Amino acid sequence: MRTRRPHAALAFLLSLAIGGCAAKAQELAKEEAPAPLTRVVRLSIRVVGNGGDAYLELPLAQSDEHQTISNEKILGRGFRVEQVMRDGNRLAVLTYPKLEGPRRITYEFTAAMVASTVPVVPVPVSKGGEPPEDDRVWLRPTKQLQSTSPIVREKLIGFAGPKLVEGEDDAIKLAWALSSSGFRRKPDGSKTVLKAVRTGHASDKGLDRLFATFLRTSGVPSRPVIGVEVGRAKAKSRFAHWVEVKSGGRWAPMSVPRDQWGKLPARYVKLAHGDRPFLVRDGVGSVSFHWKVAKPVTTSEATP
């Protein structure tokens, strides 16, 4: 009688080899995965009342594939605090009736960030059709993104016309090329779209606004983003700005002055998107604020 033990032994050894390869692959994946950049972020806001009903809107960070937010707390010190969702942003609405004199508000959270990449799928210029209802808000002209202005349309058509003849039909690439090569980048350049189109130069913030505006003019949903940079121990300004572009059903982070195409470095925390100021305020005399960023205290450091 023939025995099948050699075949069974071979199968057993083969299963061990496959299992070992899978385990090794998992170990390598764990080793290659970068450790998140973790920081404790504190925002201190000083509000001086003038006797009116004080109203403030503060954007709150949200967890997503790029960042994980934890240990969040808001100290209103007399302000009534209510959290609301608006256009995908999480906001803290703070109110104080008949506020007199100074008051301080503290917003603190821990953020763990990893560098993220979103593939940028081409959007044909000739796509046409009605956009989905959720995307229409990101196509409308706003105070800072004058996408229906005649001089903006003229600038875009004048640049894109020859490119379309050459075969370039990606609206995102055309808007990127116009924003990056069609304007002089200057530290003191224009921050507004219409002035940049007239003068031919723009600041970093202005270049990203131009990019978002040309995208909306082309029918591609886009929105400015305001965030905070936490990678440096000390910084003159913590604010960071970039653009999110709707591509392939996802929002891809992009920035013309930083040459970030579908990428967001780990050192940035997103706070809010849309053409909005950082703090919306009403009924107050003055508002000032400052950021503090620190590494989290480990258990060993906290134990004496």
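The values are calculated or read from the model by the stated rules, or taken from the named source; none is laboratory data. Note that the structure is a prediction, hence the values are computed from the model and not measured. Here Cβ is always computed from backbone atoms with ideal geometry, including for glycine, and neighbour counts include all displayed protein chains.
Just to be sure, is residue 284 surrounded by fewer than 23 Cβ atoms within 10 Å (Cβ to Cβ), at pLDDT 95 or above and either closer than 30 Å to residue 105 by Cα or of a type in the set (A, V, I, L, M, F, W, C) (or both)? Step through it out loud before you land on a result.
Working: surrounded by fewer than 23 Cβ atoms within 10 Å (Cβ to Cβ): yes; at pLDDT 95 or above: yes; either closer than 30 Å to residue 105 by Cα or of a type in the set (A, V, I, L, M, F, W, C) (or both): yes.
Against the criterion (surrounded by fewer than 23 Cβ atoms within 10 Å (Cβ to Cβ), at pLDDT 95 or above and either closer than 30 Å to residue 105 by Cα or of a type in the set (A, V, I, L, M, F, W, C) (or both)), residue 284 qualifies.
Screening the candidates 190, 203 for the property of being among the polar types (S, T, N, Q), buried (at least 21 other Cβ atoms within 10 Å of the Cβ) and farther than 27 Å from residue 124 by Cα yields one hit, 190. Residue 255 falls short on exactly one of the conditions (1) over 30 Å from residue 171 (Cβ atoms); (2) outside the structural domain of residue 98 (by TED's automatic domain parsing); (3) not aliphatic (A, V, I, L, M), and that condition is (1).
Please state which one of 163, 127, 143 is at pLDDT below 95 and in a helix (DSSP H, G or I).
Numbers: 127 fails: in a helix (DSSP H, G or I); 143 fails: in a helix (DSSP H, G or I).
That would be 163, the only listed residue that is at pLDDT below 95 and in a helix (DSSP H, G or I).
Of the strands (runs of 3 or more DSSP E) entirely within the range 32-115, those holding at least 2 residues that are under 17 Å from residue 282 (Cα atoms) occupy 37-50, 54-60, 80-86, 89-96, 100-113. Does the range 9-18 contain any residue that is at pLDDT 60 or above and surrounded by 10 or more Cβ atoms within 10 Å (Cβ to Cβ)? No, the conditions are met nowhere in the range 9-18. Among all positions in the range 144-153, there is at least one residue which is surrounded by 19 or more Cβ atoms within 10 Å (Cβ to Cβ), closer than 30 Å to residue 58 by Cβ and in contact with a strand residue (DSSP E or B) (Cβ under 8 Å, 6 or more places away or on another chain).
Restricting the search to the range 216-231, which residues are in contact (Cβ under 8 Å) with a residue 60 or more places away in the chain and either assigned to a strand (DSSP E or B) or more than 22 Å from residue 65 (Cα to Cα) (or both)?
Selection gives 216, 217, 218, 219, 220, 222, 223, 224, 226, 228.
Restricting 252, 240, 272 to residues that are assigned to a strand (DSSP E or B), free of Cβ contacts under 8 Å to residues at least 60 places away in the same chain, closer than 28 Å to residue 146 by Cβ and hydrophobic (A, V, I, L, M, F, W, C) narrows the list to 240.
Suppose we keep only residues that are out of contact with any Leu (no Cβ under 8 Å at 6 or more places or on another chain) and under 16 Å from residue 43 (Cβ atoms) within the range 75-88. Which one would you say is surrounded by the fewest Cβ atoms within 10 Å (Cβ to Cβ)? Step by step, filter the range 75-88, then rank; the result is 77. For the range 230-248, the tally of residues that are in contact with a His (Cβ under 7 Å, 6 or more places away or on another chain) and at pLDDT below 90 stands at 0.
If you go through the range 171-215, how many residues are of a type in the set (D, E, K, R) and assigned to a helix (DSSP H, G or I)? Reasoning before the result, please.
Of the residues in the range 171-215, the ones of a type in the set (D, E, K, R) are 173, 184-186, 188, 191, 195, 198, 204-205, 208-209.
Still in the list and also assigned to a helix (DSSP H, G or I): 173, 195, 198, 204-205, 208-209.
The qualifying residues number 7.
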